[in-house]
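Rule-based calculations on the coordinates, nothing more; no lab input. Note that this is a predicted model, so its numbers are computed, not measured. Glycine also receives a Cβ, built like all others from the backbone with ideal geometry; neighbour counts cover every protein chain displayed.
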Amino acid sequence: MFRWLINHIFFLSLIVFPSLGFAVDIPPGQAIAPPPGKSAIRFEMNSVRFGDKYLAGKALNTRSELTFNTLGVQYSGSFLIKNRLAGFYLNSAVGMAEPGGSINTQKEVGGLTDSAAALVTWLLADKEKGRYSVFGVYGIAPTGKYDSDRAINLSQNRFAGGLQLGYHTRLAPSWDIMAIADVMISGENDDYRLTHQTYKQDPLYSTQVTLMHHLDPSLTLSATYYFYAGGRGRLDGNKLDDDIRRNRYEVVLSKRVGSAKYFFYFGTDANTENGFIEEQRLSLRYQHYL
């Protein structure tokens, strides 16, 4: 009976699983100001594997596995607004969710994911000293595939947006550090779960700190620590005990070759208070500067 109850709760929580919105993470070195009038296109392949569900910091031992594979594209550019440098990006992706372990009977789901756009401006851009400060706003649109009658979805089925403030500085000739603070505010999903309830999430706060080591002028190794807090859910106005408190680490190796840059990402959660733990994140990215 207890096992059935755990599995039932777990199944229902899968519906919110892909909808757990996290902040828009910033790649290493992204706070460095580019020259105005430059643009780039980026292609990326991502594979994220989630494992057990956690409640109040303890695993429910559901022996679940869920892998999200995505293929995304991003277009970005820089320009001047009254002599102030600004930039933007637009990105979207297609994805596939593949259940495994104790939930391997669930159907795979594929299709378009939600899309994002951002506008940023540099408050400080001192190339000589290697100091940069950037402020940005971003939005996420529910363009992805969503069906409340499914346990797994690729979309949050709601709009979201946020503010970011970043700072990048040179520590030594071959060492840089970047810090980002973020707050994300989400709209309502009014067709949530099989009961078609209304789900709302409190603001989600996050920080990330990235240490970058330039092995040579074209090769950089980076390590990033992420911390997320807040984001408690409300179902038909009633608070849920699902506050987000998550610690994550990521290592990135990037290589510049001519007008292109290659990235390899590896990341994992150190721990999570509530929700599904991210066991592994692998990404390959190719960015071409136009």
Subject >> 3J(HN,Hα) from dihedral phi, the range 138-146, Karplus parametrisation 6.51/-1.76/1.60, rounded to Hz, x for glycine, proline >> reply: 9, x, 10, 9, x, 8, x, 6, 9
Original post:
For the range 41-151, what relative contact order do you get, as a whole percent, if you take Cα pairs closer than 8 Å and at least 6 residues apart?
Top reply: 19 percent
Subject >> DSSP loop trypsin sites (Lys or Arg not before Pro) with at most 15 other Cβ within 10 Å: longest gap in the chain >> reply: 130-290
Subject >> Virtual paramagnetic centre 7 Å along Cα→Cβ of residue 55, amide N under 17 Å, in the range 246-282 >> reply: 272-277
Original post:
How big is D for the range 160-290, in µm² s⁻¹ as a whole number, if Stokes-Einstein is applied with the Kirkwood radius of its Cα pairs at 37 °C and 0.692 mPa s?
Top reply: 192 µm²/s
Original post:
Could you work out the helix-only [θ] at 222 nm for the chain, with each DSSP H run of four or more residues adding -39,500 (n - 2.57) and the total divided by the number of residues, to the nearest 500 deg cm²/dmol?
Top reply: -1500 deg cm²/dmol
Subject >> Mean Cα-pair separation over length for the chain, i.e. relative contact order, pairs under 8 Å, 6 or more apart, % >> reply: 18 percent
Original post:
Along the range 168-182, what does the Karplus equation 6.51 cos²θ - 1.76 cosθ + 1.60 (θ = phi - 60°) give for ³J(HN,Hα), rounded to whole Hz, x for Gly and Pro?
Top reply: 10, 8, 7, 8, 7, x, 10, 10, 10, 9, 9, 10, 10, 10, 9
**OP:** Describe numerically, in nm with one decimal, the distance between label points set 7 Å from Cα along Cα→Cβ at residue 88 and at residue 175.
**Re:** 3.9 nm
Original post:
Using unit Cβ charges (K, R positive; D, E negative) and no other charged atoms, how large, in debye to the nearest 20, is the dipole of the range 41-187 about its Cα centre?
Top reply: 340 debye
Original post:
Applying the Karplus parametrisation 6.51 cos²θ - 1.76 cosθ + 1.60 with θ = phi - 60° to the phi angles of the range 32-41, what ³J(HN,Hα) value in whole Hz is obtained for each residue in order, glycine and proline being reported as x?
Top reply: 5, 6, x, x, x, x, 9, 9, 8, 10
Subject >> Under-5 Å amide H pairs with residue 115, H placed in peptide plane, nonlocal only >> reply: 141, 143, 144
Original post:
Considering only Cα-Cα distances, which of the following residue pairs are longer than 22 Å: 107/239; 82/255; 58/239; 58/145; 53/239?
Top reply: 107/239; 82/255; 58/145
Original post:
Taking the Cα centre of the range 57-207 as the origin and placing charges on Cβ (Lys, Arg +1; Asp, Glu -1), which of 164, 60, 130 is farthest toward the positive end of the dipole?
Top reply: 130
Subject >> Equivalent ellipsoid semi-axes, the range 2-289, via Cα gyration tensor eigenvalues times 5, rooted, Å >> reply: 34, 20, 18
Original post:
So how far, in whole Å, is the C-alpha centre of the range 216-274 from the one of the range 101-123?
Top reply: 14 Å
Original post:
Any idea what the dipole of the range 172-213 comes to, in debye rounded to 20, about its Cα centre with Lys/Arg Cβ at +1 and Asp/Glu Cβ at -1?
Top reply: 100 debye
Original post:
Taking only C-alpha pairs under 8 Å that are 6+ residues apart, what is the relative contact order of the range 88-136 in percent?
Top reply: 34 percent
Subject >> About the Cα centre, charge dipole magnitude for the chain (Lys/Arg +1, Asp/Glu -1 at Cβ), debye >> reply: 640 debye
Original post:
What FRET efficiency, computed as 1/(1 + (r/R0)^6) with R0 = 35 Å and r the Cβ-Cβ distance, is obtained for residue 288 and residue 243, rounded to the nearest 0.05?
Top reply: 0.30
